[in-house]
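**Q** Quick one: the structure is below, questions incoming.
The values are calculated or read from the model by the stated rules, or taken from the named source; none is laboratory data. Quick caveat: nothing in here was measured; it's all calculated off a predicted structure. Cβ sites come from the backbone with ideal geometry, for glycine too, and all protein chains shown count toward neighbours. Protein only, heavy atoms only, side chains kept; ligands, DNA and RNA dropped before computing areas. Shrake-Rupley method; radii C 1.70, N 1.55, O 1.52, S 1.80 Å.
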Amino acid sequence: MSQGQGQPGVIIAGAAETTRLGKLPGVSTLGLHIEGALNAVADAGLTLRDIDGIATVSAPGPVQVAHALGITPGWIDGTGVGGTSFLLHVRHAVAAIRAGYARTVLITHGESGRSRVDAARMAPAPSSPAGQFEAPYGTLGPTTTFTIPVLRYMKEYGLTHEQLAYVAVAQRRWAAKNPRAAFRDPITVDDVLASRMVAYPFHLLECCMVTDGGGALVVTAADRAGEFRRPAVHVLGTGESSETPMISQMADFTQSQAFRLAGQAAFAEAGIAAADVGHLMVYDAFAHVPIYGLEALGFVAKGEGGPFIAEGHTEPGGRLPMNTNGGGLSYTHTGMYGMFAIQEGVRQLRGEAAAQVAGPEISVIVGNGGMFATSGVLVLGRQPR
Amino acid sequence: MPTPETQPFWDGCAAGELRLQRCTDCSVPYFYPRPVCPACGSTRVEWFTASGRASLYSYVINHRPARGFEDDAPYAIAVVQLAEGPRMMTNLTGVPSTPDDLVLDMPLRVVFERRGDVSLPMFTPAEPAEPAPPAPAGAAEVGR
């Protein structure tokens, strides 16, 4: 029996990204939140006056975003645990709506990741554990930390450099079908391995881009489905967990405990198994992360993620379409990519994606925060449970 | 920049010792420094001096240097498995930063390198012939 049975349903009634993505030096971080919010509220066919709950990360934070939009919230969530935060916001909004704390929740993302117009500082505080015990060793953001586990994985499970490179190749095949993707030209494994070394074993094309952009969601009760402009997307199950604030303290470098626990919770609530999933998004800041995601949620056995992708099963025509917008590697990546993974899941279930998969009933979104620090997982459906 | 909870660790480094903490209730050694045992929640914890022996758990070779590391690039940012059990991030010294020279599970030993105001624990290749590490510290002499 699934945990969510008997609970009132919750839907995503509006979903939209900023009109443009990429390099937007003329828009601030707050401006990107506002643009995403206005687009999502319009997508739902609502007005800002209909919003009574707000969720986003700091900075700029829910108080700033709500005030800028003229929203007076009766429910506020400022959970800021990295790029997966927006998946946690959806989970928390589900609980709030079921509890009657809010009726219509707006979740916003905006990040001037590339142009850095009023962007949040990223380096750890010098007295924090990461500031004392990692930063002194010459770390420089995710390329030097998120990447460290993979050599251990390669040794333990035999993942090859070519298989790792193929993750980028597979996702570029989706991006080629998506006019909004930043990088659309086909690439080969040789191209990936010939690209500049960033942090061995990661080449440039195995690392996500950094862009400006945003997006937002409107979440409300499922008994209102039909009141909105676009087809409702049902939130069937959700999960969240955290593991470690420092990559060096990750319990096992070959698997993400946070992905696994969040996934188990989401699947249990939705009452589904991996075989029920027709579309999958796995946060891909780097090429190894989708491999860890496939394995943590049980789509493949431990050690089989790399071969599974290299055999073509996740690319166009494959049996488990994954990262169909092109992902952080080829579509866009503002820094906190989770919002864009949700957006693509919504588009696929509505049937309006650029690279549309044939009629998926269930889309699963696997979010990552920090460097395998946190995870949120959403099970979204075209139909209510 | 130390905090009161981490000061003994940095004092140890300045004295040429790698100091870890362990729980006097469940005997589990742990790192990073904090006033509670992550295994059992006990606040009865103590400092001890680790052997300094370790092995190479994983790493990257960074080609885009952080500020202050311009002359070192490319350089390895590694995570080592201490003989006592905990892992920590470090840099490697006395070995070229190439995949051929950096072999996972190779034996290492701690050395301390002055960087600015602090003495920083780093690791360098050790002879494989060195004696095997003892049982996890505290397992024998500290009971419940």
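**Q** Determine the dipole magnitude for chain A: charges of +1 sit on the beta-carbon of Lys and Arg, -1 on that of Asp and Glu, nothing else is charged, the reference point is the Cα centre, and the result goes in debye to the nearest 20. Don't skip to the answer; put the middle values down first.
**A** Working: 27 positive and 31 negative charges, 106 e Å.
In debye, rounded to 20, chain A gives about 500.
**Q** Evaluate peptide A:187-197: per residue, the Cβ atoms of other protein chains within 10 Å of its Cβ; return the mean as an integer.
**A** Working: counts 0, 0, 0, 0, 0, 0, 0, 0, 0, 2, 5.
Taking the mean over all residues of the peptide, I get 1.
**Q** Now, a different point. If you roll a 1.4 Å probe over the heavy atoms of the protein chains, what accessible area per residue do you get for the protein assembly as shown, in Å²?
**A** Per residue, the protein assembly as shown has 38 Å² of solvent-accessible surface.
**Q** Mind listing the phi-derived Karplus ³J(HN,Hα) values for the stretch A:313-320, rounded to whole Hz, using 6.51, -1.76 and 1.60 with θ = phi - 60°, and x for any glycine or proline?
**A** 6, 9, 9, x, x, x, 7, 10
**Q** Enumerate cysteines in the protein assembly as shown without a disulfide-compatible partner, where compatibility requires another Cys Cβ under 4.7 angstrom.
**A** A:Cys207, A:Cys208, B:Cys13
**Q** Over the stretch A:79-147, what is the relative contact order in whole percent, taking alpha-carbon pairs under 8 Å and six or more residues apart?
**A** Numbers: 25 pairs, mean separation 10.9, N = 69.
Once normalised by length, the contact order is 16 percent.
**Q** Another question, if that's okay. Peptide A:200-207: average number of partner chain Cβ atoms within 10 Å per residue?
**A** On the way: counts 11, 4, 4, 1, 1, 0, 0, 0.
So the per-residue partner count for this stretch is 3.
**Q** At a 10 angstrom cut-off on C-beta neighbours, averaged per residue, how do the peptides A:166-175, A:337-346, A:49-58 rank from highest to lowest?
**A** Most protected by this proxy first, the peptides run A:337-346, A:166-175, A:49-58.
**Q** Placing unit charges on C-beta atoms (Lys and Arg positive, Asp and Glu negative, everything else neutral), compute the dipole magnitude of the stretch B:37-118 about its Cα centre in debye, rounded to 20.
**A** Working: 8 positive and 10 negative charges, 56 e Å.
The calculation lands at about 260 debye.
**Q** How large is the charge dipole for the stretch A:127-278, taken about the Cα centre, if only the Cβ atoms of Lys, Arg (+1) and Asp, Glu (-1) carry charge, to the nearest 20 debye?
**A** Numbers: 12 positive and 15 negative charges, 91 e Å.
For this selection, approximately 440 debye.
**Q** Under a 10 Å cutoff between Cα atoms, tell me which one of A:Gly158, A:Gly61, A:Gly237 has the largest fluctuation in the Gaussian network model of chain A.
**A** Maximum among the listed residues: A:Gly158.
**Q** How many Å² of accessible surface get buried when A and B come together, counting both sides, probe radius 1.4 Å, rounded to the nearest 100? Intermediate values should be presented prior to the final figure.
**A** On the way: alone 14610 and 8330 Å², together 19930 Å².
So the total buried area for this chain pair works out to about 3000 Å².
**Q** Can I ask one more? State, in angstrom, two size descriptors of the stretch A:76-228 derived from its alpha carbons: Rg to one decimal place and Dmax to the nearest whole number.
**A** For the stretch A:76-228, the Cα-based Rg and Dmax read 20.0, 55 Å.
**Q** Could you check how many percent of all C-alpha pairs in the protein assembly as shown are farther apart than 40 Å? If you can, show how the numbers build up before the last one.
**A** Values: 35243 of 139656 pairs.
Summing the P(r) tail past 40 Å for the protein assembly as shown gives 25 percent.
**Q** Shifting gears a bit: Using +1 at the Cβ of each Lys and Arg and -1 at the Cβ of each Asp and Glu in the protein assembly as shown, identify which of B:Ala126, B:Ala50, A:Gly326 lies farthest towards the dipole's positive end.
**A** About the Cα centre, the residue reaching furthest to the positive side is A:Gly326.
**Q** On to the next question. Between B:Leu108, A:Gly298, A:Val10, whose Cα lies farthest towards the positive end of the dipole of the protein assembly as shown when Lys and Arg beta carbons carry +1 and Asp and Glu beta carbons carry -1, centred on the Cα centre?
**A** Highest projection toward the positive end goes to A:Val10.
**Q** Another question about this same structure. Could you tell me what percent of the accessible area of chain B is made up of carbon and sulfur, with a 1.4 Å probe and every protein chain present? Before the final figure, lay out each step's value.
**A** Numbers: 3530 of 6880 Å².
Carbon and sulfur: 51 percent of the exposed surface of chain B.
**Q** Nearest 500 deg cm²/dmol is fine: what mean residue ellipticity at 222 nm does chain B get from its DSSP H runs of n ≥ 4 alone, each adding -39,500 (n - 2.57), divided by its residue count?
**A** Numbers: 1 runs with 8 residues, N = 144.
Rounded to the nearest 500, the figure is -1500 deg cm²/dmol.
**Q** May I pose another question? Other chains' Cβ within 10 Å of B:77-83 residues: what's the mean? Spell out each step's value before the answer.
**A** On the way: counts 12, 4, 13, 1, 0, 0, 0.
What the average comes to for B:77-83 is 4.
**Q** Using the Karplus curve 6.51 cos²θ - 1.76 cosθ + 1.60 with θ = phi - 60°, what ³J(HN,Hα) values do you get for each residue of the stretch A:366-381, in whole Hz, with x for Gly and Pro?
**A** Those phi angles translate into 10, x, 10, x, x, 9, 6, 7, 9, 8, x, 10, 10, 10, 10, x Hz.
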